[in-house]
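The structure under discussion appears below in the form of structure tokens.
Laboratory data are not the source of any read-out in this text; all were calculated from the coordinates shown. From a predicted model like this one, the values you see are computed outputs, not experimental measurements. Methodologically, a virtual Cβ is constructed for each residue, glycine included, from the backbone with ideal geometry; neighbour enumeration extends over all protein chains shown.
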Amino acid sequence: MSESDSEQAPPVYGVRPSYAWQLYAGYTFFRFYEVPTLKNLENGFDVDMVYFPHASWIGVEGDLMATFGSQAGCISKFTLATGGVRFRWAGPRGTQFFLHGIAGGSHFFPQTAYGSQNAFGYEMGGGMDISTHHRRMAYRFEVDAVGTRYFGTYQYSPKATAGIVFNF
């Protein structure tokens with residue numbers, strides 16, 4: 001028996017590959033506060049892509065949200081396209097926690113007499129990715145606050161989303 005055979009390296013357990021890209025798609029529930037007394041419930045989808053340079057803990061994010069609802073018998077639509085930064089932490093058992101702050105532009109339909117259909121918008125919040133049996137896939141649960149300024153007043157609206165993440 002040679003000396004190299006007796007000094008074998010111990011096996012490595014629990015190492016998960018770090019992926020630099022994440023692509024997410026899921027269902028979104030959004031409660032748009034148009035003015036302090038008028039609320040609009042909307043359902044839609046959210047698509048998100050994040051790049052983590054060198055598979056690090058800080059990444060660059062782009063997000064698109066589109067929701068649809070009704071207001072006084074009329075169809076309403078709200079879209080938000082944003083970009084910004086995301087921070088992630090690896091948790092136990094394949095979970096990953098994140099916080100993000102992203103900003104961009106929003107669009108609200110229908111047109112009203114109270115102002116423009118377009119406004120600056122931002123989103124701040126966080127969530128959790130839970131790994132599946134397939135290492136490249138995860139379930140995402142996220143809660144955010146969406147801020148806009150329509151109709152001469154600020155809106156701070158809650159958003160919840162759930163869906164699937166693909167890591168590559």
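Along the charge dipole of the chain, pointing to its positive end and built from +1/-1 on Cβ of Lys, Arg, Asp and Glu, which listed residue (TYR122, SER76, ALA103) has its Cα farthest out?
Farthest towards the positive pole: SER76.
Once the mean 1/r over all distinct Cα pairs of segment 18-167 is inverted, what Kirkwood radius in angstroms do you read off? Working shown, then result.
Numbers: mean 1/r = 0.0629 Å⁻¹.
In segment 18-167 this quantity evaluates to 15.9 Å.
If each of TRP21 and PHE120 carries a label point 7 Å out from its Cα toward its Cβ, how far apart are those two points in nm?
Simple spin-label model gives 3.2 nm for this pair.
With label points built 7 Å along Cα→Cβ from the Cα atoms of THR132 and ALA81, find their separation and express it in nm.
Placing both labels 7 Å along Cα→Cβ, they lie 2.9 nm apart.
Could you grab the relative contact order for the chain? Cα pairs under 8 Å, six or more apart, rounded to a whole percent.
21 percent
Which whole-Hz couplings ³J(HN,Hα) result when phi for each residue of segment 66-77 is put into the Karplus expression 6.51 cos²θ - 1.76 cosθ + 1.60, θ = phi - 60°, listed in order with x for Gly and Pro?
Karplus-based 3J(HN,Hα) across segment 66-77 equals 9, 10, 9, x, 9, 9, 6, x, 10, 6, 10, 9 Hz.
Only Lys, Arg, Asp and Glu count, each charged at its Cβ (+1, +1, -1, -1), so figure out the dipole size of segment 18-167 about its Cα centre, rounded to 20 debye.
On the way: 11 positive and 10 negative charges, 48 e Å.
Using only the charged Cβ atoms, the result is roughly 220 debye.
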